[in-house]
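The values are calculated or read from the model by the stated rules, or taken from the named source; none is laboratory data. For clarity, every value in this text was computed on a predicted model and none was experimentally measured. Here the Cβ is made from the backbone with ideal geometry for all residues, glycine too, and neighbour counts use every protein chain on show.
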Amino acid sequence: MQSGTIDVSIWNQFLLVVGQIASIVWTWSGYVVTQAYHAVLVNVVLVVFNAVGLNTSSLERFQRALSDVLSYIFTAPHRTANGQTFPYSLANVMDTRYQLHPDYVVRLRHEFPWFADDGAACKVDHPETVHVLSLMSKLAYEDPQVVNDIAQKWGLQVYNVSTDSASAFVAVVGQSVVVAFQGTTAKTIVSVLEGVTLELPDKQGTIYASFYRDLLSTDSDGRTMLEMIEEIVVRPGLVDKQVLITGHSLGASMGVLFGVLCDARIQKRIAGFVTFGQPREGDETFRLNFERMHPGKYVRYVHAFDLVTYAPVLAAVFRHIDPKRYITVAGDVKSHEDEIATWTVVDALSYWVQYLALIPTFWLRGESLLRSLFRVAFLGVPNGDDHWICNYERALYNRVTNVHELKTA
């Protein structure tokens, strides 16, 4: 090596080490922030809620009021085919796009789901299938009237399911039945914050109690969400269709638990699980039990350093189910382990530069001003902003576009 020059291999090794350190810092920052989140919210916020008389009902009213204000100021409420108007959910008011991709829209009602190539880690991990499921997970946050209206525009039949603390819908799509669970809302936030674990019967492992409690929550007639969904998917005309499970955040975890607790005859019909921004579900025993029950039928998507994917940290033995797909800060989807490792490092090193650049350039991506304002609001905890379902859906929509362009090039 000549004097004054730097060995390229040494320099690359140095960059790799620095990137790994940065990645660890981001991971641990997510870990620490989530612990602080529990400590503050459980020990302080819940106490305040009780002191001022706030409960689930009052939190729901506040959420609806905020959704109303943001909908009317920044977007417009959703107008159904019969002229009724409904504000968009707080989870989606910043991005109200519900676009089926033109590459598959004509084929959706007859061909869905599309399967990945032989040898794929999860057979439903196909770009078009995954995008449809991300739209379903996004739609699950909306009022049932909005769900019905958008599904009707898509030419789909849906059944809404709701209990005192959770919601979901079942959609008949092509050759399948899709069960989409709603993520965290004002109805579920208090339950989620409690951080209690639960051991499942028959040595199936330990899980976060909130997931179990919400799946087994009841409606006014005493029927659990689990029972209502089971009843729908075995109706005449549906009983022979394969089942796909999806959800975002809490909804992702409820979907996985549904796959473990539902009737064995329904378990056999499950073609796959695709989740977005999923918390860690349970301990190693639960993970192994799930993988034994549903081999090659699961994949989870993680956007950048999504804070929720590190939770719940109070249960240190909890593990993620794999495989994992990684969506970069820039919105590119990485599927292979070496790609994921490399881009996690790249994003860790350049996270703040990329994040700050997204704020003034929202219009280039067809985003709303409100989306950019949400990014500003999350400057203190930017990997909290990584969690929004619109991050996932937009990246997956663009992936379908890119795949289509490659095929026609």
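Name every residue in the range 117-145 that is within 15 Å of residue 95 (Cα to Cα) and among the hydrophobic types (A, V, I, L, M, F, W, C), in order of residue number. Residues satisfying the conditions are 135, 136, 139, 140. Of the residues screened, residue 394 is not one that is touching a strand residue (DSSP E or B) at 6+ places or on another chain (Cβ under 7 Å), of a type outside the set (A, V, I, L, M, F, W, C) and closer than 27 Å to residue 101 by Cβ.
Applying the condition of being assigned to a helix (DSSP H, G or I) and without any contact (Cβ under 8 Å) to a residue 24 or more places away in the chain to the range 386-409 and asking which residue is nearest to residue 181 (Cα to Cα) yields 402. Quick check, is residue 89 of a type in the set (Gly, Ala, Ser), surrounded by 22 or more Cβ atoms within 10 Å (Cβ to Cβ), in contact with a Leu (Cβ under 8 Å, 6 or more places away or on another chain) and closer than 21 Å to residue 252 by Cα? No. Within the range 342-355, residues that are assigned to a helix (DSSP H, G or I) sit with their Cβ atoms under 6 Å from residues that are hydroxyl-bearing (Ser, Thr, Tyr), at 6+ positions apart or across chains, in these pairs: 343/328; 344/23; 345/23; 347/328; 348/23. Out of 363, 343, one residue alone is modelled with pLDDT of 90 or more and buried (at least 18 other Cβ atoms within 10 Å of the Cβ). It is 343. Pairs linking a residue in the range 357-373 that is more than 16 Å from residue 386 (Cβ to Cβ) to a residue that is of a type in the set (Lys, Arg) and outside any helix (DSSP H, G or I), with Cβ atoms under 9 Å and 6 or more positions apart or on different chains, are 366/97. As for the range 164-173, it holds at least one residue that is touching a residue at least 12 places away in the same chain (Cβ under 8 Å), assigned to a strand (DSSP E or B), closer than 25 Å to residue 301 by Cβ and among the polar types (S, T, N, Q). In the range 389-405, the qualifying residues are those that are touching a Pro at 6+ places or on another chain (Cβ under 7 Å) and farther than 25 Å from residue 375 by Cα, and the one that is surrounded by the fewest Cβ atoms within 10 Å (Cβ to Cβ) is 403.
Of all residues in the range 311-324, those satisfying the criterion of being closer than 24 Å to residue 396 by Cα and surrounded by fewer than 23 Cβ atoms within 10 Å (Cβ to Cβ) are 320, 321, 322, 323, 324. You will find that of 166, 186, 151, the residue that is at pLDDT below 85 and among the small types (Gly, Ala, Ser) is 186 and no other.
Scanning the range 97-149 for residues that are among the polar types (S, T, N, Q) and crowded, with 20+ Cβ neighbours inside 10 Å turns up 129, 134, 137.
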